[in-house]
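Shown next, in structure tokens, is the structure this report addresses.
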Amino acid sequence: MSEHPFAQYVRLLGKGPNLSRPLTLDETRAAVTMILRGEVEPEQLGAFLCLLRVKTESPEEVAGFALAVRDSLSVPSDMPRVDLDWPSYAGKARQLPLFILAALLLAQNGVRVAMHGTDNHTAGRLYTRAALSALGFTAAGSLSEAAEQLTASHFTYVPMEVLNPRLLEIMRLKALLGLRSPLHTVARNMNPFDAKASLMSVFHPNCRAVHRDASLLMGMTRIACFKGDGGEIERRPEKPCVVQGLLDGIAFEEEWPPLLAAGPGLEQAMDPSRLGELWRGDVTDAYAETTIAATAAIALRLLGRADSPVQAETLAKRLWSERRRDYLAA
């Protein structure tokens with residue numbers, strides 16, 4: 001019986017502490033291409049994902065995986081240029097997803113924002129698609145619809161299964177394998193529409209450099225990565241925030257000081273309709289509004305609309321105060 005073509009990649013990762021090694025970017029890209037085409041057996045896929053996860057992914061492996069995903073996409077020719085890539089995969093457990101209002105604030109001010117994500121992989125969390133639905137935004141059902149939404153409103157949310165149904169199948173293996181898939185890491189680097197800039201959030205601060213270095217290998221030149229609330233791209237204004245990434249291909253690191261003395265405590269009710277109330281000014285919440293502006297500020301700095309964190313924060317506060325409040329219907 002001849003060896004399966006995919007077996008070489010499992011062998012490279014699993015030969016033991018002295019003989020195994022990380023995959024190169026090209027090896028990972030080739031392996032993941034086979035996975036996305038359905039050319040591997042279930043046993044091989046499980047072994048591959050677990051071996052990558054146990055050793056933790058290298059920048060080369062993250063880049064190769066993400067590029068293979070991009071290779072698999074059929075992006076419409078009329079897709080407008082995306083300014084800001086915004087992965088959203090964690091969901092929120094304790095506080096409302098205020099980052100959504102930060103993204104919409106940017107879109108209202110001319111930034112084309114492509115958000116992509118998935119939901120329902122962890123119980124007890126409010127996911128982006130449900131929150132957007134409560135605000136009257138429909139997730140894109142195809143990449144063509146995503147292009148239309150970007151043209152019409154400068155914002156789209158694309159579910160992972162619309163990017164590629166195979167990705168959602170891989171993500172859902174967490175329940176079967178008992179381990180987070182490497183795709184949880186890779187999703188932050190996918191930048192499926194090759195946006196000018198990309199925001200990323202991590203659970204563990206030591207992962208910032210992995211995402212930065214993978215981005216550089218992928219040819220991305222503007223990324224900002226920081227530890228966000230619950231793993232989402234949402235700054236916690238009561239804490240210092242270390243932002244690490246690339247500006248015009250040059251690595252940088254900035255520490256943004258806290259803006260508030262204390263946090264908000266636990267959310268009383270995870271009711272997404274409150275997001276609309278915040279936008280329209282029906283309710284006031286100093287912590288929430290500071291969070292929205294502080295999150296938008298990192299994006300404004302990344303996009304080159306401000307030369308320093310202070311300038312970015314000042315601009316974000318002004319944009320929030322001047323927002324069109326009828327943008328979100330009651």
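The values are calculated or read from the model by the stated rules, or taken from the named source; none is laboratory data. Predicted, not measured: the structure shown is a model, and the values here were computed from it. As a convention, Cβ positions derive from the backbone with ideal geometry for all residues, glycine included, and neighbour counts pool all protein chains shown. With ligands, DNA and RNA removed, areas are computed over all heavy atoms of the protein, side chains included. Shrake-Rupley method; radii C 1.70, N 1.55, O 1.52, S 1.80 Å.
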* Asked: Just a yes or no: is a residue in the range 279-289 of a type in the set (Phe, Trp, Tyr), more than 22 Å from LEU135 (Cα to Cα) and either touching a residue at least 12 places away in the same chain (Cβ under 8 Å) or open to solvent by less than 50 Å² (accessible area, probe 1.4 Å) (or both)?
  -> no
* Structure fact -> Taking first residues from the range 49-71 that are farther than 15 Å from GLY16 by Cα and second residues anywhere that are among the charged types (D, E, K, R) and not in a loop (DSSP other than H, G, I, E, B), the pairs with Cβ under 6 Å that are 6 or more apart or on different chains are PRO59/ASP213; GLY64/ARG29; LEU67/ARG29; ALA68/ARG29
* To do: Please list, ordered by first then second residue, the pairs with beta carbon atoms under 7 Å, 6 or more apart or interchain, first in the range 131-151 and hydrophobic (A, V, I, L, M, F, W, C), second open to solvent by 60 Å² or more (accessible area, probe 1.4 Å) and part of a helix (DSSP H, G or I).
  => ALA139/ARG129
* Do any residues in the range 79-105 that are assigned to a strand (DSSP E or B) have Cβ atoms under 8 Å from those of residues that are at pLDDT below 95 and open to solvent by 20 Å² or more (accessible area, probe 1.4 Å), where the two are at least six apart or on different chains, and which pairs are they? -> LYS92/ARG125; LYS92/LEU126; LYS92/GLY230; LYS92/MET270
* Name the single residue, out of those in the range 73-97 being open to solvent by less than 10 Å² (accessible area, probe 1.4 Å) and more than 14 Å from the chain's Cα centre (by Cα), that is nearest to THR295 (Cα to Cα). => LEU96
* Picking from ALA197, ALA214, which residue would you name as being farther than 21 Å from ASP71 by Cβ, surrounded by 18 or more Cβ atoms within 10 Å (Cβ to Cβ) and either within 16 Å of the chain's Cα centre (by Cα) or without any contact (Cβ under 8 Å) to a residue 60 or more places away in the chain (or both)? -> ALA197
* Structure fact -> Log entry, pairs with first residue in the range 236-252 being open to solvent by 40 Å² or more (accessible area, probe 1.4 Å), second being at pLDDT below 95, beta carbons closer than 6 Å, six or more apart or on different chains, reads ARG236/ASP229
* Asked: Can you name every residue in the range 187-230 that is within 21 Å of LEU167 (Cβ to Cβ), of a type in the set (S, T, N, Q) and in a loop (DSSP other than H, G, I, E, B)?
  -> ASN191
